[in-house]
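The values are calculated or read from the model by the stated rules, or taken from the named source; none is laboratory data. Predicted model only: the values in this text are computed from it and were never measured. Glycine also receives a Cβ, built like all others from the backbone with ideal geometry; neighbour counts cover every protein chain displayed. Side chains included, ligands, DNA and RNA excluded: accessible areas come from the protein's heavy atoms. Shrake-Rupley method; radii C 1.70, N 1.55, O 1.52, S 1.80 Å.
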Amino acid sequence: MSKNFLADMQVGDLGEELWAAWINAKGGDAEISQVKCDWDVLDRNTGIYYEVKMDIKAYYWAKRRKEAVNLFLEYETTKDQKPCGIMKTDAQYLVYIIRNPQDLHIAYTFDLEKLCAYLWESHKLKKFPIRKPVMHGVGNVNGWTPPLHELINDKDAGFIKLCVLPISLLNPSHETSVSQLSLLETENRQLASS
């Protein structure tokens with residue numbers, strides 16, 4: 001197992017922990033999947049499953065490639081073209097957390113059914129680049145890389161809201177009220193895409 005794989009797992013775990021803490025702080029009862037399955041976080045109070053992705057390098061890559069911030073959304077394996085990632089999950093919502101240059105964790109929430117339909121239609125039109133990340137000479141998946149602002153601004157893409165996830169949510173002694181948390185989320189597309 002490579003160091004990069006382990007580091008990626010730790011980043012993913014942080015994203016799941018942040019989202020679960022957000023759900024709990026808002027009065028939910030979050031469970032993080034402990035086994036390999038087709039969802040990451042469950043709110044037991046609502047029965048809603050979430051697929052959670054965390055990207056700490058989105059701004060780095062945008063700057064390096066001189067392009068807009070985009071998401072990397074796995075959709076198929078390269079070896080046998082089987083569905084994976086968002087095309088295989090049982091979750092109803094995708095939570096894509098991006099760490100911005102100010103070290104804030106911004107969670108963008110999407111209706112997965114709408115997002116997948118939008119991305120598949122865009123795939124047919126070759127609207128977004130496909131990337132195959134390669135680590136140590138191996139690329140196992142293909143992923144769409146739609147610009148974040150396009151997903152937010154296109155009503156068909158399933159964008160619901162964004163939330164700022166304070167790292168202090170992970171400190172159980174830090175009490176945050178629901179009204180305080182509501183100040184950290186917006187459904188306003190104009191604010192979300194800036």
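Exactly one condition in (1) at pLDDT below 95; (2) in a helix (DSSP H, G or I) is false for residue 152; which is it?
(1)
Please determine, by comparing only the residues of segment 91-108 that are under 15 Å from the mean Cα position of the chain (by Cα) and part of a loop (DSSP other than H, G, I, E, B), which one is surrounded by the most Cβ atoms within 10 Å (Cβ to Cβ). Outline the logic, then answer.
In the first step, residues of segment 91-108 are kept if they are under 15 Å from the mean Cα position of the chain (by Cα); the result is 91-100, 104-108.
Next, only the ones that are part of a loop (DSSP other than H, G, I, E, B) stay: 91-92, 100, 104.
Values: 91: 20, 92: 15, 100: 13, 104: 13.
Only one residue tops the list, namely 91.
Criterion first (at pLDDT below 95, within 19 Å of residue 112 (Cβ to Cβ) and of a type outside the set (A, V, I, L, M, F, W, C)) does residue 47 satisfy it?
No, not satisfied.
Have a look at 128, 159 and point out the one that is at pLDDT below 95, open to solvent by less than 70 Å² (accessible area, probe 1.4 Å) and in contact with a helix residue (DSSP H, G or I) (Cβ under 8 Å, 6 or more places away or on another chain).
128
So residue 115 clears everything in (1) open to solvent by 20 Å² or more (accessible area, probe 1.4 Å); (2) in a helix (DSSP H, G or I) except one condition, right? Which one?
Here residue 115 meets the rest and fails (1).
Just to be sure I understand, how many residues within segment 1-44 are at pLDDT below 95 and in contact with a Lys or Arg (Cβ under 7 Å, 6 or more places away or on another chain)?
Counting residues in segment 1-44 that are at pLDDT below 95 and in contact with a Lys or Arg (Cβ under 7 Å, 6 or more places away or on another chain) gives 2.
Of the residues that make up segment 131-143, is at least one open to solvent by 70 Å² or more (accessible area, probe 1.4 Å), under 18 Å from the mean Cα position of the chain (by Cα) and not charged (D, E, K, R)?
Scanning segment 131-143 turns up no residue that is open to solvent by 70 Å² or more (accessible area, probe 1.4 Å), under 18 Å from the mean Cα position of the chain (by Cα) and not charged (D, E, K, R).
Can you tell me which residue is surrounded by the fewest Cβ atoms within 10 Å (Cβ to Cβ) among those in segment 29-80 that are without any contact (Cβ under 8 Å) to a residue 12 or more places away in the chain and either at positive phi or assigned to a strand (DSSP E or B) (or both)?
So, considering only residues that are without any contact (Cβ under 8 Å) to a residue 12 or more places away in the chain and either at positive phi or assigned to a strand (DSSP E or B) (or both), the one surrounded by the fewest Cβ atoms within 10 Å (Cβ to Cβ) is 66.
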